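Input: a single structure, listed below in structure tokens.
The values are calculated or read from the model by the stated rules, or taken from the named source; none is laboratory data. Everything quoted here is computed from the prediction, not taken from an experiment. Cβ placement follows ideal geometry from the backbone for every residue including glycine, while neighbour counts extend to all protein chains displayed.
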Amino acid sequence: MRRISIFGSTGSIGESTVDLIARAPEEYDVLALTGGRNIARLAEQAVALNAKLVVTCFPEYRQELAELLSGTGIEVAAGPKAIAEAAERPADWVMSAIVGSAGLVPGLKALEQGAVLALANKESLVCAGELLMRTAHAHGSDVLPVDSEHSAVWQALVGEEISEVERVIITASGGAFRDWPLEDLPKATPEQASTHPNWDMGQRITVDSASMFNKSLELIETREFFGFLPEQIEVLVHPQSLVHAMVGFKDGALMAHVGPPDMRHAIGYALHYPERRDLPVDRLDLAKVGTLEFRAPCDARWPALRLAREVMEIRGLSGAVFNAAKEQALDAFLAREIRFTDMAAVVEEVLHAMDRENALKCDRMRLEDVIETDHVARIRAAEAASRINMDA
Ligand code: NAD
Ligand code: MG
């Protein structure tokens, strides 16, 4: 039996992972599940998958979780430290599906004990790509992409030489405001930003899709995962979300990965790799789809893409600043403290202020520096957001 753990099991990616595991329970020994406030669902998953340990990141929910699981023999714990400890338990395959930089430490711990890390939590690669990949290398463990675009690139690269790749194209739906008049964007509400035309995802990534911060994180993720140069990586707006990525080779061939917008494909590929198994995803009828559209992204609509390009050049700790400032700006937007278009302004201000005199460059990053940088960037972003709020 394969020993597996799912970090962020109650989220959108977590639920899709649970769905795949629950279809073949005899194959898996579920060690740990972790979640947040949705205690009832966390407990239900733990019982259904016969998990050994469940952890909520909020200590105030520990009691409720323990009561729901009393008599089951399932171990209960709470708090960020307990989540990190859960990641230290030897597992064969670990799903990293916590949202935000909180996913970094459990991911590192899982790699240190030699687990294969299926990485949905793109923020870990953005904050600390060099550290994460070095940790995997040092412990002989693997990081497998779960983001749909990166899974698509990975699949297009099977049997190919990285040195023969000319370019990589990741697609973006354009999110909720793709076709809005530019002058209406400052008026966009959190509710409007939280609906996605094609994908059903967690709220934070859905808003990040509308602002293109999600695609910005993915540009950086592509660089850190595969080592391509910034100028080799392109973003293409593709409203249907059926072509997830394309890899262009030096002979001019372009290999596209096409599939329905269902994360269970990418999760299943990472779960069964190197095998391909039957997965419960719809089969595409391209005659019905009829048309696939592509267009270049508009810089004025999506300034986040330009900022991501700066991060791809600087590397070092700039990704930690970019991500933390983005998370803070997103909180401020969701709390209606700043406008939709202010999010990029906050991130730009913090990134430029902290990038003075190459302060963010570093060849070998340490976890303490990433955590400290994340902390400072959040404080600066909160200050920038409250200043914008007062000016408005
Ligand atoms: P979600 O908000 O639906 O779920 C997040 C999970 O993390 C929940 O279980 C929540 O309880 C837990 N969590 C939240 N904050 C936490 C914290 N501080 N500490 C510990 N646990 C915490 O998010 P999601 O949409 O499933 O996304 C998860 C990750 O996968 C993100 O990094 C996202 O960018 C990435 N991703 C998601 C999709 C998608 O289709 N949803 C696609 C590609 C990549
Ligand atoms: Mg993606």
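Remarks
- Some residue of the range 235-243 being closer than 25 Å to R339 by Cβ, more than 13 Å from ligand 1 (Cβ to nearest atom), within 22 Å of the chain's Cα centre (by Cα) and crowded, with 20+ Cβ neighbours inside 10 Å: yes
- Residues satisfying the stated conditions in the range 91-116, i.e. within 13 Å of ligand 1 (Cβ to nearest atom), hydrophobic (A, V, I, L, M, F, W, C) and assigned to a strand (DSSP E or B): M95
- Search result, residues across the range 136-153 that are within 14 Å of ligand 2 (Cβ to nearest atom) and either free of Cβ contacts under 8 Å to residues at least 24 places away in the same chain or in contact with a helix residue (DSSP H, G or I) (Cβ under 7 Å, 6 or more places away or on another chain) (or both): P145, V146, D147, S148, E149, H150, S151, V153
- When each of I21, I13 is tested for being assigned to a helix (DSSP H, G or I), within 8 Å of ligand 1 (Cβ to nearest atom), in the same structural domain as L65 (by TED's automatic domain parsing) and not basic (K, R), the lone residue that passes is I13.
- Among residues of the range 329-361, those that are modelled with pLDDT under 95 and at positive phi, counted: 2
- Scanning the range 337-350 for residues that are surrounded by fewer than 24 Cβ atoms within 10 Å (Cβ to Cβ) and in contact with a Ser or Thr (Cβ under 8 Å, 6 or more places away or on another chain) returns E337, F340, A344.
- Across the range 194-232, the number of residues qualifying as more than 22 Å from T10 (Cα to Cα) and assigned to a helix (DSSP H, G or I) comes to 18.
- Sole residue being within 16 Å of ligand 2 (Cβ to nearest atom) and either within 22 Å of the chain's Cα centre (by Cα) or in the same structural domain as H238 (by TED's automatic domain parsing) (or both), chosen from M133, M95: M95
- Residue within the range 159-173 that is within 16 Å of ligand 1 (Cβ to nearest atom), in a loop (DSSP other than H, G, I, E, B), in contact with a His (Cβ under 8 Å, 6 or more places away or on another chain) and in the same structural domain as H238 (by TED's automatic domain parsing) present: yes
- Within the range 117-127, the set of residues being more than 17 Å from W154 (Cβ to Cβ) and more than 8 Å from ligand 1 (Cβ to nearest atom) comprises V126, C127.
- Of all the criteria given as (1) more than 12 Å from ligand 1 (Cβ to nearest atom); (2) crowded, with 20+ Cβ neighbours inside 10 Å; (3) of a type outside the set (V, I, T), the one not satisfied by P186 is (2).
- A43 more than 24 Å from G140 (Cα to Cα), more than 16 Å from ligand 2 (Cβ to nearest atom) and touching a helix residue (DSSP H, G or I) at 6+ places or on another chain (Cβ under 8 Å): yes
- The range 244-277, residues that are within 16 Å of ligand 1 (Cβ to nearest atom) and part of a helix (DSSP H, G or I): R264, H265, A266, I267, G268, Y269, A270, L271
- Among the residues of the range 143-157, some residue qualifies, meaning at least one is among the β-branched types (V, I, T) and more than 10 Å from ligand 1 (Cβ to nearest atom).
- Within the option set E85, E67, being away from ligand 1 (no atom under 11 Å from the Cβ), within 23 Å of L271 (Cα to Cα) and assigned to a helix (DSSP H, G or I) holds for one residue only, E85.
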